[in-house]
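Student: Here you go, one structure.
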Amino acid sequence: MSCLCAFPEVAGAKYAGITRHYKFNIKLTNVTRLCHTKSMVTVNGKFPGPRVVAREGDRLVVKVVNHVPNNISIHWHGIRQLQSGWADGPSYITQCPIQTNQTYVYNFTITGQRGTLFWHAHISWLRASVHGPLIIFPKRNVSYPFAKPHKEVSIMLGEWFNADPEAVIRQALQTGGGPNVSEAYTFNGLPGPLYNCSANNTYKLKVKPGKTYLLRLVNAALNDELFFSIANHTFTIVEVDATYVKPFETNLLVITPGQTTNILLKTKPIAPNASFYMLARPYFTGQGTFDNTTVAGILEYETSSNSTTFKPTLPPINATNAVSNFTRKLRSLANSQFPVNVPQTVAKKFLFTVGLGNSPCPKNQTCQGPNGTKFSASVNNISMPIPSTALLQSYFFKKSNGVYTSDFPSSPLHPFNYTGTPPNNTFVTNGTKVVVLPFNTSVEVVMQGTSILGAESHPLHLHGFNFYVVGEGAGNFDPNNDPKNFNLVDPVERNTVGVPSGGWVAIRFQADNPGS
């Protein structure tokens, strides 16, 4: 793809913090897991990549130098990028990718955010190995809305592929079948003892008795939502997607790709003569293949003899009720220090169907999708071909003609029983289409899952904005009755949400960030 790159300087907003500089060298590194060594794309030779730390109000300047054959870009997942859309990172959307031997400097200010986010590559499947935590501490002399923990620990949930993930997705796109799945899930890049040839690659969290630990969990897996639990321990959820929530105690966590969750883990008052597995495995309801394995880390007490290791019990793979029971407990703090600004009325309403469809197989080619076609993901039955010119660039220079059109439909063009029997024709249409909103428009989007080619949960992330999750439900959204039950008092604020399998989710936000 050709991509002409010419970006204007964007003035940063005034801020009270400091400027922090990082350098990311994108390089090939030999990494061994499951007795399999491969050369993989990394940042500074690390898998997962380095931790980026800042305070609310700080400016981050990250110089990315590309030393690999692949094009690359870095997305700062969850950063609002207020009037700094050029720094957001999705290739061909806000920027051209960084080509081999080229450099790009990401320069942005963290405004009104604090908590756990993460960064990752945003082109093809390079994010499988190019990702790392992004920790934003509160401003100086500002405390957490909970007791200060004894220690803070970041845990990246990810995946290991024996193959090159780029080859995996390339093959899937060519054949139209589902992509080959990973060999293992990982905690901080380590698969753990439940996999063959992996006992020495186990993440161990060493703790002291009677202390409180803040665990910053990030799901950096490509596609799979994960259940997480710690044997014989409960924990308290205090934050999701870098926004504080009303604390609640649980022994089960559900986290979709792109989501982050902070938990407070209070250790036992006296060190037991045992260690405890931390387990994660997928939640899956679709018809395709998926990595049906479990990653284990070990919680160890420093003074324990660890004669026994206990395992937690995780819900069944397809436990949709467990997922909805968890997500419905999430509520914003909604107090004077952290108010809720959910739009009470909305100017623009959208209904987006989210799911799979299929595309015809090209002539003289054999395809592995349904009935010899190709799988295609779509929203309102439109599948987006990646343009060769970045959308934001074409908009800024008023050269969008031929790059995108602004006629993305606000509701399905052909309504049907979305979660019932699929229509006879499940072919998608292709088009690079966008919605253009006037500044400061109040927006409601209902994302409706479909049963086409199997009902499954779909994690969706909004760039440039947080949103409030005001409602969710099973089956088809009812515009007459379901809004009566919307939570407009203390809905959870997020940047990534899972559209329920065979159901719908409603979000609201204010379109107050030009260029996003």
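The values are calculated or read from the model by the stated rules, or taken from the named source; none is laboratory data. Nothing here was measured: the structure is a model prediction, and the numbers come from that model. As a convention, Cβ positions derive from the backbone with ideal geometry for all residues, glycine included, and neighbour counts pool all protein chains shown. We work out accessible area using only protein heavy atoms, side chains counted, and drop any ligands, DNA or RNA first. Shrake-Rupley method; radii C 1.70, N 1.55, O 1.52, S 1.80 Å.
Student: Listed residues Tyr468, Tyr418; which is at pLDDT 95 or above, touching a strand residue (DSSP E or B) at 6+ places or on another chain (Cβ under 6 Å), more than 21 Å from Ser376 (Cβ to Cβ) and not aliphatic (A, V, I, L, M)?
Tutor: Just one listed residue meets the conditions, Tyr468.
Student: Based on this model, can you work out whether Ala271 counts as assigned to a loop (DSSP other than H, G, I, E, B), at negative phi, aliphatic (A, V, I, L, M) and open to solvent by 20 Å² or more (accessible area, probe 1.4 Å)?
Tutor: The answer is yes for Ala271.
Student: Another question, if that's okay. Can you tell me which residues in region 32-46 are without any contact (Cβ under 8 Å) to a residue 40 or more places away in the chain and either under 12 Å from Trp160 (Cα atoms) or crowded, with 16+ Cβ neighbours inside 10 Å (or both)?
Tutor: Thr32, Thr37
Student: If you don't mind, there's one more thing I want to ask. Would you please name the residue that is most open to solvent (accessible area, probe 1.4 Å), looking only at residues in region 311-322 that are outside any loop (DSSP other than H, G, I, E, B) and farther than 30 Å from Met384 by Cα?
Tutor: Here the residue is Asn321.
Student: Next question. Quick one: Lys148 ticks every box in (1) open to solvent by 50 Å² or more (accessible area, probe 1.4 Å); (2) in contact with a strand residue (DSSP E or B) (Cβ under 9 Å, 6 or more places away or on another chain); (3) under 22 Å from Thr42 (Cα atoms); (4) part of a loop (DSSP other than H, G, I, E, B) except a single one, so which number is it?
Tutor: All conditions pass for Lys148, except number (3).
Student: Can you name the condition, by its number, that Gly158 falls short on among (1) in contact with a Gly (Cβ under 8 Å, 6 or more places away or on another chain); (2) open to solvent by 40 Å² or more (accessible area, probe 1.4 Å); (3) closer than 25 Å to Phe276 by Cα?
Tutor: Evaluating Gly158 over (1) in contact with a Gly (Cβ under 8 Å, 6 or more places away or on another chain); (2) open to solvent by 40 Å² or more (accessible area, probe 1.4 Å); (3) closer than 25 Å to Phe276 by Cα leaves (2) as the failure.
Student: Let me ask you something else. Go through (1) assigned to a loop (DSSP other than H, G, I, E, B); (2) surrounded by fewer than 20 Cβ atoms within 10 Å (Cβ to Cβ) and name the single condition Lys246 misses.
Tutor: Result: Lys246 fails condition (1) only.
Student: Can you give me the number of residues within region 462-504 that are hydrophobic (A, V, I, L, M, F, W, C) and closer than 24 Å to His122 by Cα?
Tutor: The qualifying residues number 5.
Student: Further question on the same structure: Would you point out the residue of region 452-478, among those that are free of Cβ contacts under 8 Å to residues at least 60 places away in the same chain and not in a strand (DSSP E or B), that is least open to solvent (accessible area, probe 1.4 Å)?
Tutor: Ranking the qualifying residues of region 452-478, first place goes to Gly475.
Student: Oh, and also: Considering only residues that are free of Cβ contacts under 8 Å to residues at least 60 places away in the same chain and not hydrophobic (A, V, I, L, M, F, W, C), which ones fall in region 195-209?
Tutor: Asn200
Student: Go through (1) over 19 Å from Gly288 (Cα atoms); (2) surrounded by 17 or more Cβ atoms within 10 Å (Cβ to Cβ) and name the single condition Ala163 misses.
Tutor: (2)
Student: Next question, about the same structure. I'm told His120 meets every condition in (1) surrounded by fewer than 21 Cβ atoms within 10 Å (Cβ to Cβ); (2) under 22 Å from Leu391 (Cβ atoms) except one. Can you identify the failing condition by its number?
Tutor: If we test His120 against (1) surrounded by fewer than 21 Cβ atoms within 10 Å (Cβ to Cβ); (2) under 22 Å from Leu391 (Cβ atoms), just (1) comes out false.
Student: If you don't mind, another one. In contact with a helix residue (DSSP H, G or I) (Cβ under 9 Å, 6 or more places away or on another chain), modelled with pLDDT of 95 or more and buried (at least 23 other Cβ atoms within 10 Å of the Cβ) - does that describe any residue in region 48-59?
Tutor: no
Student: Sticking with this structure for a sec: Are any residues in region 348-385 part of a loop (DSSP other than H, G, I, E, B) and under 28 Å from the mean Cα position of the chain (by Cα), and if so, which ones?
Tutor: Of everything in region 348-385, those that are part of a loop (DSSP other than H, G, I, E, B) and under 28 Å from the mean Cα position of the chain (by Cα) turn out to be Gln368, Gly369, Asn380, Asn381, Met384, Pro385.
Quick grid of which residues meet (1) surrounded by 14 or more Cβ atoms within 10 Å (Cβ to Cβ); (2) in contact (Cβ under 8 Å) with a residue 24 or more places away in the chain; (3) over 29 Å from Ala242 (Cβ atoms):
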{"residue": "Ser324", "(1), (2), (3)": "yes, yes, no"}
{"residue": "Ser332", "(1), (2), (3)": "yes, yes, no"}
{"residue": "Phe338", "(1), (2), (3)": "no, yes, no"}
{"residue": "Phe350", "(1), (2), (3)": "yes, yes, no"}
{"residue": "Asn364", "(1), (2), (3)": "no, no, yes"}
{"residue": "Lys374", "(1), (2), (3)": "yes, yes, yes"}
{"residue": "Ser378", "(1), (2), (3)": "yes, yes, yes"}
{"residue": "Leu392", "(1), (2), (3)": "yes, yes, no"}
{"residue": "Ser400", "(1), (2), (3)": "yes, no, yes"}
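Student: From the set of residues in region 199-222 that are part of a loop (DSSP other than H, G, I, E, B) and crowded, with 21+ Cβ neighbours inside 10 Å, which is nearest to the chain's Cα centre (by Cα)?
Tutor: Ala220
Student: Continuing with the same structure: Regarding region 168-181, can at least one residue be identified that is in a loop (DSSP other than H, G, I, E, B), modelled with pLDDT of 95 or more and hydrophobic (A, V, I, L, M, F, W, C)?
Tutor: Yes, region 168-181 contains at least one residue that is in a loop (DSSP other than H, G, I, E, B), modelled with pLDDT of 95 or more and hydrophobic (A, V, I, L, M, F, W, C).
Student: Name the single residue that is nearest to Ile18 (Cα to Cα) among those in region 92-131 being among the hydroxyl-bearing types (Ser, Thr, Tyr) and in contact (Cβ under 8 Å) with a residue 60 or more places away in the chain.
Tutor: Checking each candidate, the answer is Thr109.
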